[in-house]
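Visitor: Structure provided below as structure tokens; questions to follow.
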Amino acid sequence: MLKVALVDDDTGYLQLMQSYIKRYEREEGIRCKVTLFLNGLNFVEDYEGNYDVIFLDIEMPHMDGLETARRIRRKDSQTGIVFVTNMAQYAIRGYEVNAIDFIVKPLEYYVFADKLKKAIQLLKLNEERNIIIETEDSVEKINLSRIFYIEKDKNYVVYHTEDADYRVRGTMKKVEEVLASEGFSKCINGCLVNVRHITKIEKDTVWLDQICLPLSRQRKKEFREDFMKYIGGVY
């Protein structure tokens, strides 16, 4: 069952989106559990990563959709976020929180259904993208989307993830060969960044929310190109 959250301060749009999801269920033969929220503040207060897809209004009182999405991403990097807005220029900033896409009001069913379908496809794709790593104490299966960055530490490679840091004996060269086509890019020698988590690129630094990593002059152009590929939906 697909778990969907609808967050909008306009009850009319909440009801409209809910009716669209019911229609999508009938047409596609899937089941959805839909929960409604009237503002972002109430939504994030008790958020525990328990939704597959979130349709999130941008212009809301108390806490706007962009700030709501930022707080969600601190807890959950995998849930699909689709912004709903009256003004497309705000939604373009969705790359800051790895949003899937945006919809401009007034909402039409076929546009809404297309974004929902895209979110479901990405959800399935993320479920399939795992890596097996072997530490001295255990063997772990980790979803690639949960990895922030990977760095070299002498004869080891350290995977920094949402849950923990994993230290594995090996070389960065081998890691780069495995992850080259999976949305990872080298910011400096010995450090591989998951572009899905990038929130800002500056002159000589790259930010993954609160994590700041160096960006070398030699790598800057290719690193930015890799990030734009992600924005364009290549990864």
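The values are calculated or read from the model by the stated rules, or taken from the named source; none is laboratory data. Computed from a prediction, not measured in an experiment: that's the story for all the values here. Quick reminder, even Gly has a Cβ in these numbers, built from the backbone with ideal geometry, and neighbours come from all protein chains shown.
Visitor: Right, L66: assigned by TED's automatic domain parsing to the domain that holds G12, touching a strand residue (DSSP E or B) at 6+ places or on another chain (Cβ under 9 Å) and aliphatic (A, V, I, L, M) or not? Spell out the reasoning first.
Guide: Values: assigned by TED's automatic domain parsing to the domain that holds G12: yes; touching a strand residue (DSSP E or B) at 6+ places or on another chain (Cβ under 9 Å): yes; aliphatic (A, V, I, L, M): yes.
The answer is yes for L66.
Visitor: Kindly provide the set of residues from the stretch 39-84 that are of a type in the set (D, E) and free of Cβ contacts under 8 Å to residues at least 12 places away in the same chain, ordered by number. Show your work before the answer.
Guide: Taking the stretch 39-84 and keeping what is of a type in the set (D, E), we get 45-46, 48, 52, 57, 59, 64, 67, 76.
E45, D46, listed by residue number.
Visitor: Ok, one more. Which pairs do you get when a residue that is closer than 21 Å to I211 by Cα, found in the stretch 166-190, comes within reach of a residue that is assigned to a helix (DSSP H, G or I) and of a type in the set (A, V, I, L, M), reach meaning Cβ atoms under 6 angstrom, with the pair 6+ apart or on two chains?
Guide: The qualifying pairs are E182/L144; G183/V195; S185/V195; G190/M172.
Visitor: Another one. Could you list, in sequence order, the residues of the stretch 148-165 that are without any contact (Cβ under 8 Å) to a residue 60 or more places away in the chain, in contact with a helix residue (DSSP H, G or I) (Cβ under 9 Å, 6 or more places away or on another chain) and either among the hydrophobic types (A, V, I, L, M, F, W, C) or surrounded by fewer than 17 Cβ atoms within 10 Å (Cβ to Cβ) (or both)?
Guide: I150, V157, D163
Visitor: Within the stretch 199-217, work out how many residues are among the polar types (S, T, N, Q) and modelled with pLDDT of 95 or more.
Guide: 2
Visitor: Quick check: is even one residue across the stretch 173-190 part of a helix (DSSP H, G or I), of a type in the set (A, V, I, L, M, F, W, C) and modelled with pLDDT of 90 or more?
Guide: yes
Visitor: Here's something else I'd like to know. Quick check on my filter: what residues within the stretch 75-122 are in a loop (DSSP other than H, G, I, E, B) and acidic (D, E)?
Guide: Selection gives D76, E108.
Visitor: Sticking with this structure for a sec: Looking at this structure, is I72 of a type outside the set (F, W, Y), buried (at least 18 other Cβ atoms within 10 Å of the Cβ), touching a helix residue (DSSP H, G or I) at 6+ places or on another chain (Cβ under 7 Å) and in a helix (DSSP H, G or I)? So that I can check it myself, show each step before the final result.
Guide: Details: of a type outside the set (F, W, Y): yes; buried (at least 18 other Cβ atoms within 10 Å of the Cβ): yes; touching a helix residue (DSSP H, G or I) at 6+ places or on another chain (Cβ under 7 Å): yes; in a helix (DSSP H, G or I): yes.
Taking the combined requirement at face value, the residue satisfies it.
Visitor: Considering (1) at negative phi; (2) modelled with pLDDT under 95; (3) more than 21 Å from the chain's Cα centre (by Cα), say which one G29 fails and leave the rest.
Guide: Status for G29: all satisfied but (1).
Visitor: Also: Would you check which residues across the stretch 42-67 are farther than 17 Å from K105 by Cβ and touching a helix residue (DSSP H, G or I) at 6+ places or on another chain (Cβ under 8 Å) and list them?
Guide: Passing the criteria: F43, V44, Y47, E48, G49, D52, V53, H62, M63, E67.
Visitor: Of all residues in the stretch 47-65, count the ones that are under 19 Å from K115 (Cα atoms) and in contact with an Asp or Glu (Cβ under 7 Å, 6 or more places away or on another chain). Walk me through it before giving the result.
Guide: Of the stretch 47-65, the ones under 19 Å from K115 (Cα atoms) are 51-58, 65.
Adding the requirement that they be in contact with an Asp or Glu (Cβ under 7 Å, 6 or more places away or on another chain) leaves 57-58, 65.
The qualifying residues number 3.
Visitor: A further question follows. So which residues in the stretch 28-61 are in contact with a Gly (Cβ under 7 Å, 6 or more places away or on another chain), more than 12 Å from D8 (Cβ to Cβ) and in a loop (DSSP other than H, G, I, E, B), if there are any at all?
Guide: Matches in the stretch 28-61: D52 only.
Visitor: With respect to the numbered conditions (1) assigned to a helix (DSSP H, G or I); (2) touching a residue at least 24 places away in the same chain (Cβ under 8 Å); (3) assigned by TED's automatic domain parsing to the domain that holds M17, which one is the sole condition not fulfilled by S145?
Guide: (3)
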